[in-house]
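K.L.:
Input: one structure, supplied below.
Computed from the coordinates by the stated procedures, all read-outs in this text should not be read as laboratory data. Note that this is a predicted model, so its numbers are computed, not measured. Using ideal geometry, Cβ is built from the backbone for each residue, glycine included, and neighbour counts are taken over all protein chains shown.
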Amino acid sequence: MAFHKIAFFVGLFTFLATWQAWGKVQVTMQDSVKVYRGQRAEIPCAYTVSKEPSAVVIQWFVAGESGSGRQRVYYGDDARSIVEQGTDLAERIRVTRSASGSVLLAIQDVHLTDECEFICQVNGRSAGSQEARTQLRVFAAPETPVIEAVYSGISVTSEDPSKIASCEARNGYPIPRITWYRDRTPLRPVDGQVRVETQQTQESSGLLTVKSELFLKVNKEDKDAEFYCEASYDSPDGMRMSESRVFNITVHYPTTAVELRQESPTGLVKEGDLVLLRCSANGNPAPPFTFHRIRQEEGEEVEEDLSSELDLLVLRDVSRADTGVYRCRSLDLDSYTDYADYVDVKKDMSLHVHYLDPPKVVPKAQVLEEGESLMATCNALSSLDTHTVWLKDGQQVDEGHRLELQDVSFNTSGEYVCQVTVPSLPGLQSTASLHISVRGPPKISEPESTALEESVEKWINLSCEAWGFPKPSLTWSSTGAQNWHEVSHRETDNLVQSVVSFTVTSDLTASCNATNDFGTDTKFFSIRAIPLTTTSSTKVTVTVPPPKRVQKEGSGVIIAVIIICILLLAILGSVLYFLYKKGKLPCGRSGKQDISKEKVSKDDIVEMMSDKTEEAVLLQGVNGEKKPPADQGEAYLDVQK
């Protein structure tokens, strides 16, 4: 017993002595340092020494895999700083020390192989030594996940889950993790419903690629679902994630219902229309369709096969005979594994083709005496309510299927159109006509004027229009006309219109005669010829054009101009006469005349005439004849001569 006590105290003493020596050097380091591949890593090491050592030696080691063995990469003391050569870190590390008791190991361009434990050992010689460890973690963010979806179509009738898509995240470190989503909800593996198969590959660079394939037992609702994958990975800043693009899958499911609709026209159908009937199904892919027309024969339903274009039935230029029941049937045999499971899916639709027959007018034509009355009817067979109006010369004269005419006259004659329309179906209309003739002697329409004026040698057109039944004949006659011809002639059942052109040489009279079996009517035209008048003299010539009846304002202007010219000539004559009297103007002599001579000469005659009034001189000619107003100035000049 005593021996054991002595041994215990000796061991305790030795331990305390050793602990005291070790405790003088303390080294602290981080548990780990995280850095992206290719970046700069800094691993700090802090130490304290309890007493001033004679020298401090710093060594850095790299631990082997699984912590077995170590390799020195750096050695340094107060006098030396040595990087061990022959290691992968030799060219990329740098160690710095500070007086405060810290050392920093920096690694440039970190490689994946640099991920290991780094050991910092501090030796204080007499103060002892101690070391600490830091795990260097290296990361590489993977590329954005790439989706390869299956677009060929996935059937809901498949018994096992079908491959939906594959997702690949390349070149990450450490290995990324892939999660599948459907409408933002993660998909977890479920037996018989969801299966995920994952494989990973290490690239030559040391980076890791992961590929995940999703298998899913789809249902009809998945046709509108949005699928994508997410790659999550570690980084120096914590967990990060990257999402792929969103994709949809093509789901094949059997048809359970079809729809048959009228695509064109959008409203009621009338005879002559182009009708398009389209069939659609709720299955995917759309099944082939067949079209039939249903007939009832001896109380049984009979299908008449119709030619169609895929899902479209085209009925051209339809008639009332196309009215009936039409059927669309799907042939979705591929969606069923057993023909016994096949469901006959069909849809019927009734098509009604509306019509409007040509109206029947009674009577179709009628000849009446003046003053008589008439009632006509117009009826048309239609599948819809109709509206009837009567038109004459494009204007509505009555409404309803009856036309009543009282006390008819020539104006009543003409073509009456019965127009039948269907208000509920624009474009469906039909017409028929009724021709009415009123029998009686012809009547010539009153022209604008029968008394006309025109210049000589001009052409003038005369128009004559006569009504009557039977249709009258028109003849022209004239007195005083030497040259005329017909320039226009038009006839209808009860109307004749003629236009003739005359050359005006003198006053003339023309007549238009309309004649039929019941009498005659005549219209007279009187044309006054206007001669062209001109005046001339040795000094001034003034031509006065004949007045025209078509422009009264222009004739007044011309007359005013003529009067002004006459007044100017009169003033000029007065001035000349005044100058002559004063001796300022010699006339008919070759030198200056002596007005004091007492012999009788032409000058005395002129002086005797000066006693007459100025008006008499202006209006009286030398030969005693009256001059027209336009010639008065010229007459005055002749007197002076």
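K.L.:
Residues with amide H under 5 Å of Ser155's amide H, sequence separation 5 or more or different chain, H placed in the peptide plane at 1.01 Å from N; which?
P.N.:
When sequence neighbours closer than 5 places are left aside, the close amide H contacts are His252.
K.L.:
Can I ask one more? Do any of Lys270/Lys364; Lys392/Lys458; Lys220/Lys270; Lys34/Lys217; Lys34/Lys163 go past 31 Å between their Cα atoms, and which? Please report the intermediate quantities before stating the final value.
P.N.:
Details: Lys270/Lys364 27 Å; Lys392/Lys458 41 Å; Lys220/Lys270 41 Å; Lys34/Lys217 42 Å; Lys34/Lys163 38 Å.
Beyond 31 Å between Cα atoms: Lys392/Lys458; Lys220/Lys270; Lys34/Lys217; Lys34/Lys163.
K.L.:
Defining a contact as two alpha carbons under 8 Å apart and six or more residues distant in sequence, what relative contact order in percent does the stretch 146-252 show?
P.N.:
On the way: 246 pairs, mean separation 38.2, N = 107.
Here the relative contact order equals 36 percent.
K.L.:
In the stretch 194-264, if every C-alpha pair distance is counted and binned at 10 Å from zero, what percent goes to each bin?
P.N.:
Reading upward from the zero bin: 13, 31, 26, 15, 8, 6, 2.
K.L.:
Between the stretch 427-498 and the stretch 159-238, what is the C-alpha centre distance in whole Å?
P.N.:
Value for the Cα centre distance between the two parts: 98 Å.
K.L.:
Let me ask something else. Counting only Cα atoms, I'd like the Rg/Rh figure for the stretch 146-252, Kirkwood definition for Rh.
P.N.:
Details: Rg = 14.6 Å, Rh = 14.5 Å.
For the stretch 146-252, the value is 1.01.
K.L.:
How large is ³J(HN,Hα) for each residue in the stretch 116-128, as worked out from phi by the Karplus curve 6.51 cos²θ - 1.76 cosθ + 1.60 (θ = phi - 60°), to whole Hz, x for Gly and Pro?
P.N.:
6, 8, 10, 10, 9, 10, 10, 10, x, 6, 5, 7, x
K.L.:
For the stretch 388-524, what Kirkwood radius comes out of the mean inverse Cα-Cα distance, in Å? Working shown, then result.
P.N.:
Details: mean 1/r = 0.0568 Å⁻¹.
Taking the inverse mean of 1/r over all distinct Cα pairs, the stretch 388-524 comes out at 17.6 Å.
K.L.:
Could you line up Ser437, Ser511 from fewest to most neighbouring Cβ atoms inside 10 Å? Intermediate values should be presented prior to the final figure.
P.N.:
Numbers: Ser437 20, Ser511 15.
The most exposed by this proxy come first: Ser511, Ser437.
K.L.:
Further, regarding this structure: If we count other beta carbons within 10 Å of each Cβ, what is the order of Glu457, Glu297, fewest first?
P.N.:
Listing Glu457, Glu297 from fewest to most nearby Cβ atoms yields Glu297, Glu457.
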